[in-house]
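The values are calculated or read from the model by the stated rules, or taken from the named source; none is laboratory data. It should be emphasised that the depicted structure is a prediction, and the values quoted were computed from it without experimental measurement. Only protein heavy atoms, including side chains, enter the accessible area calculation; ligands, DNA and RNA are left aside. Shrake-Rupley method; radii C 1.70, N 1.55, O 1.52, S 1.80 Å.
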Amino acid sequence: MLKKTCKDVVLFPITIYRACLWLPTRLCAERGYSRVGKSLGLLLYSLFGLPLSILLGLEILIVINARLMAHLMDDSTTDQSHPSTGTAPPHHQSGETPPAWHTDLQVTLPGYEHKPYPTPDPTLPRDQFYDQLLATYSPTIPHKMGHEPLWDIPTDIFFDGDTDPRNNVSNATSRGTVPAVVHGEVIAETSDAYYHAYILYHVKDYDLPVREALADATFHDGDNEGIQLRIDKASMQVTLVETWFHNRFFLCNRTGESQGTEPIQTRTLFEGGTHLVLFVQSMGHGVRCATIEDFAELADNSKILRLESDPDKRIDPAINDHTEYNIGYRLASLKPWYRLAKTHTDSGEDAATLFEDSIPLGTDASGRAIQIGKFFAANDVEKRAWSRPKPPWAWDDRWDDIPVGLWHFHPSLSFNSYTGEDYSEQYQYNAPMHLIFTADERKTVLASLLTEHYQHAPQQLARRTNPVNRQPSLLPAKNRASGYRSSVM
């Protein structure tokens, strides 16, 4: 019995076909109309059985693909001491001896040209220094192309010159192209680290035609995914990366090991010493750290994007699925997003705001609710699923203890929770907190987020990050008695 049941499940297309024939034939045979019953069975299969078989088959392929794209790395795949493939042989500049810390993490992909970015100079004004940091650590991005390549090019959400994303799909369609853009920002600085965000916005999330025909939840206007990374000040190395892969945070680092609440998905790979190599899917645009296995497919429907700040040297992507290894992108700031974060409307309203709906973050001293935008505005407002495009402060992994907002507003705490490290949580600079909220609002927002975090943390994590023990890292000593205060303020 068990063997037959397993066989029926594995051969589900045949099982569905037989079931469609059996049901009406059984009913009609009692009245002597077997031919009619068989005809009804074929009709039933055509209308319901065949589409169901196709849908289940596609879902199985999608699950298998997701497992291959996002599987936990075992010892055999994390051994990257010789990252050579037929399409991406590793090499270094002639006469150079690569530093020992990255010899087993360094790869060179097709189209790479050494660009001597100026060494970041901390004596420069902050904005200039941060721009140097963003360029030096800008990611190299192998991006897969699907059957609608226009939607697979990361671009500026304001590419059409206005701040209303509701018309982005129509404007991109009429132009037939979009510029290659990655949104980048040094979001925070502590005594021991710099925290960067690199965000990839796509005009549309799409899927296979069959899936789109069967379920409109498989596609939507706008798509926004990306990463946050930590740069250690002492070594100026990228020590940890968190990527947003659809609705999960994926972690990667140099060692492949973690003592915190989240597993490490893979080790980090770099090009040119400092440029983290990311892999981005076509259609759904999930972002994760690249693995050696990804490079075997670079010759198939891929475009490799690298920062090119000089517009005269920048090579724009062709809007097709042909492979191109030398595409240049420019960096766009997140500061406009921060300045517009509190300007939002309800979904479906006739407006021109950047954001729709809101995330509540407490109330200010006058009793007024503090709220920020939850979704990027779009025409398909009826789609209220988790897949709607969101700014990074609205990214929320339901399987961790970090509440919505805290991941982007308090990155060092999130990194500490995920890895079990003890990185500084004293901020010398915090872009989203300072550009979105007033000084009084920052106190309320931080207290609200920390309270929610500690209330929902698992017991093991709570012992390690008990608010009583953690307050010294968050509160100046003279202000601890007055409640939550932090240098993010």
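The order of 113, 324 by accessible area, most exposed first and with a 1.4 Å probe, is 113, 324. Once backbone amide H atoms are built at 1.01 Å from N, residue 222 has 204, 205 as its partners under 5 Å, excluding neighbours fewer than 5 places away on the same chain.
For a distance above 25 Å, tell me the whole-number percent of Cα pairs in segment 309-409 that qualify. The answer is 41 percent, as a whole percent. Rounded to whole Å, the principal axis extents of the Cα atoms in segment 220-363 read 47, 44, 28, largest first. Couplings 3J(HN,Hα) for segment 261-269, derived from phi with the Karplus relation 6.51 cos²θ - 1.76 cosθ + 1.60 (θ = phi - 60°), are 8, 10, x, 8, 6, 6, 7, 6, 10 Hz, where x marks Gly and Pro. Segment 183-239 and segment 310-347 have their alpha-carbon centroids 12 Å apart.
Computed from the C-alpha gyration tensor, the three semi-axes of the ellipsoid equivalent to segment 312-366 are 38, 16, 10 Å, from longest to shortest.
Distances between placed amide hydrogens fall under 5 Å for residue 246 paired with 287, all partners being 5 or more residues away or on another chain.
For the set 151, 393, 399, the ranking by accessible area, highest first and with no ligand, DNA or RNA atoms included, is 399, 151, 393 under a 1.4 Å probe. Across segment 143-160, computed HN-Hα scalar couplings (Karplus, 6.51 cos²θ - 1.76 cosθ + 1.60, θ = phi - 60°) run 10, 6, 10, x, 7, 10, x, 4, 7, 9, 9, x, 8, 6, 5, 9, 4, 8 Hz from first to last residue, x flagging Gly and Pro. Accessible area per residue (1.4 Å probe, heavy atoms of protein chains only) ranks 309, 448 as 309, 448, with the largest value leading. Amide H contacts under 5 Å for residue 426: 191, restricted to partners 5 or more places along the chain or on a different chain, H placed in the peptide plane at 1.01 Å from N. Applying the Karplus relation 6.51 cos²θ - 1.76 cosθ + 1.60 with θ = phi - 60° to segment 247-256 yields 3J(HN,Hα) values of 9, 9, 8, 10, 10, 8, 8, 6, 9, x Hz, where x marks Gly and Pro.
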